[in-house]
Amino acid sequence: MKKFFLSIVLLAIALPTVFAQQSYVPTAANLEQRENFRDAGFGIFLHWGIYSMFSQGEWYLNDANLDYKEYGQAAAGFYPSKFDAAAWVKAFKDAGAGYICITSRHHDGFSMFDTQYSDFSIMKASPFKRDILKELSDECHKQGLRFHVYYSLIDWTRDDYYPLGRTGRGVGRRTHGDYSTYFEFMKNQCAEIVTKYKADCVWFDGEWDQTQTNPNFNWRFPELYESIHALNDACLIANNHHHSPYEHEDIQCFERDVPGENQAGYSAGQEVSTKLPLETCQTMNTAWGYKISDKRYKPLSEIVQLIVRTAGRDANLLLNIGPTASGELPPMSLQRLQELGEWMNKYGETVKGGVRGGLIKPQTWGVTTQKGKTLYLHILDLAQDNLTITLPAGTKIKAINEYDSKAPVTFKQVVDGVFYLKLNEVPATKRVPDYIVEVTLK
Ligand code: GLC
């Protein structure tokens with residue numbers, strides 16, 4: 001009896017240690033993937049699903065308070081006959097993208113892949129019966145792009161996504177369920193995404209659904225994340241939860257904001273990580289999923305400046321396109337990709353491929369990026385005709401040249417580390433969208 005009592009006591013002491021969260025130590029393979037991700041620099045985000053048929057953005061089921069069963073019937077008519085994974089991936093690659101991130105299952109619950117765990121999928125509920133995720137994954141791997149997969153934590157059609165969050169309340173879903181079965185479902189689908197589709201990253205979204213209604217809701221992220229890392233330790237985990245990174249996450253996301261700014265209002269609670277790779281996602285027009293009335297495409301100059309501003313903060317840009325129901329990239333987005341490709345061909349090496357944020361922090365005039373001893377000054381807004389740059393004391397400069405022509409730029413050292421650049425002869429046409437000066441350090 002005494003022995004039994006002792007075992008109970010020992011067990012009670014040991015248990016908390018057994019179940020305590022192990023703090024996450026990324027493996028060497030994971031750290032290498034993070035650097036590969038940083039090198040990729042710029043990616044294309046794709047929001048594509050049966051919502052594209054309604055052409056009202058990816059939240060249409062929620063926004064129009066449709067009955068989810070009736071909405072789901074649209075799947076039977078989803079036949080994107082013009083979908084061509086090879087052509088899409090080529091268009092992204094030609095634009096200078098190093099990766100894509102595609103919605104495998106958005107908040108409406110429709111799976112764009114051949115999943116064993118849901119009948120509401122491209123293979124079982126639509127006549128298309130082509131595994132979209134597989135075709136894109138194969139093509140990305142063939143053409144040398146990284147393959148990231150968006151996965152929603154919210155489901156407006158399943159009863160066991162429970163308790164109800166702040167969204168999807170008017171779609172007729174039953175209001176009871178059991179999160180543990182939903183959790184298993186997500187875990188299983190993520191396993192498919194990681195193994196069958198060889199995802200380089202699983203990109204979660206939707207945590208914010210519970211923050212107001214059930215602030216203490218336990219999503220069981222450590223378990224979910226560990227299950228992914230157990231299958232592939234190099235797979236990167238990102239979560240667009242708008243908070244500072246949680247344990248086990250490998251990338252920090254910023255929605256519609258460059259790190260350190262909070263113009264869109266989603267970044268108030270985010271400290272910019274100094275350890276993790278950073279990524280800003282932004283739309284090419286204004287909606288994520290295809291929206292027929294949304295013609296507000298950002299001009300090329302704005303997209304270029306966004307890429308440069310993120311690169312200068314050591315972050316990647318994930319630029320979104322919403323393909324149509326027929327399986328096409330909207331003509332305006334194709335045009336922007338082509339224009340961007342032309343810019344990238346000339347200037348890509350100053351923003352990606354081993355380039356990191358430069359040793360001068362972002363300034364009112366622009367940002368700097370750097371590769372080894374080459375520092376690029378990206379002058380986005382040259383208010384004065386001359387520029388004073390301050391480098392850490394003791395930094396020696398070998399040469400300063402205009403990036404375009406390689407012509408030397410006249411400069412003068414004012415005091416240790418402070419240099420004065422004469423730019424008054426730079427014509428206005430050369431100053432937009434980005435005037436690049438190459439500083440070679442000694
Ligand atoms: C928001 C939207 C969602 C979109 C995501 C992309 O969280 O709710 O629809 O997928 O942003 O960042």
Using a 1.4 Å probe and ignoring any ligands, DNA or RNA, find the accessible area of LYS371 and quote it in Å² to the nearest 10. 100
Using Stokes-Einstein with the Kirkwood hydrodynamic radius over Cα pairs, what translational diffusion coefficient do you get for the chain at 25 °C and a viscosity of 0.890 mPa s, in µm²/s rounded to a whole number? 104
Roughly how much of TRP365 is accessible, in Å² to the nearest 10, using a 1.4 Å probe? 30
Sites LYS430 and LYS361, calculated FRET efficiency, Cβ-Cβ separation with R0 22 Å, nearest 0.05: 0.35
How long is the gain from HIS243 to ALA268 if the chain were fully straight, where each residue apart is worth 0.36 nm and the alpha carbon distance is subtracted? 8.2 nm
Ranked by accessible surface with a 1.4 Å probe, highest first, in what order do TRP59, TRP88 come? TRP59, TRP88
Taking 0.36 nm per residue of sequence separation and subtracting the Cα-Cα distance, how much length would be gained by fully extending the chain between ASP178 and LEU300, in nm to one decimal? 39.2 nm
Taking R0 as 60 Å, what FRET efficiency do you get between GLU70 and GLU35 from their Cβ-Cβ distance, rounded to the nearest 0.05? 0.80
Between LYS291, LYS396, LYS196, where does the largest GNM mean-square fluctuation fall for the chain, given springs only between Cα atoms within less than 10 Å? LYS396
Restricted to the chain, the DSSP antiparallel beta bridge percent, nearest 5, is 45
FRET efficiency, LYS198 to ASP63 (Cβ-Cβ, R0 30 Å, nearest 0.05): 0.30
If the limit is 31 Å between Cα atoms, which of LYS93/LYS422; LYS90/LYS298; LYS361/LYS398; LYS93/LYS196 go over it? LYS93/LYS422
For Cα pairs less than 8 Å apart in space and 6+ apart in sequence, what is the mean separation divided by the residue count of region 309-386, i.e. the relative contact order in percent? 28
Quick check: with the 1.4 Å probe, what order do HIS176, HIS378 take by accessible area, largest first? HIS176, HIS378
Cα-based reach from LYS142 at 17 Å (exclusive), listing aspartates and glutamates while leaving out same-chain residues under 8 positions away: ASP84, ASP94, ASP131, ASP200
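The values are calculated or read from the model by the stated rules, or taken from the named source; none is laboratory data. These figures come from a predicted structure and were not determined experimentally. Here the Cβ is made from the backbone with ideal geometry for all residues, glycine too, and neighbour counts use every protein chain on show. Only protein heavy atoms, including side chains, enter the accessible area calculation; ligands, DNA and RNA are left aside. Shrake-Rupley method; radii C 1.70, N 1.55, O 1.52, S 1.80 Å.
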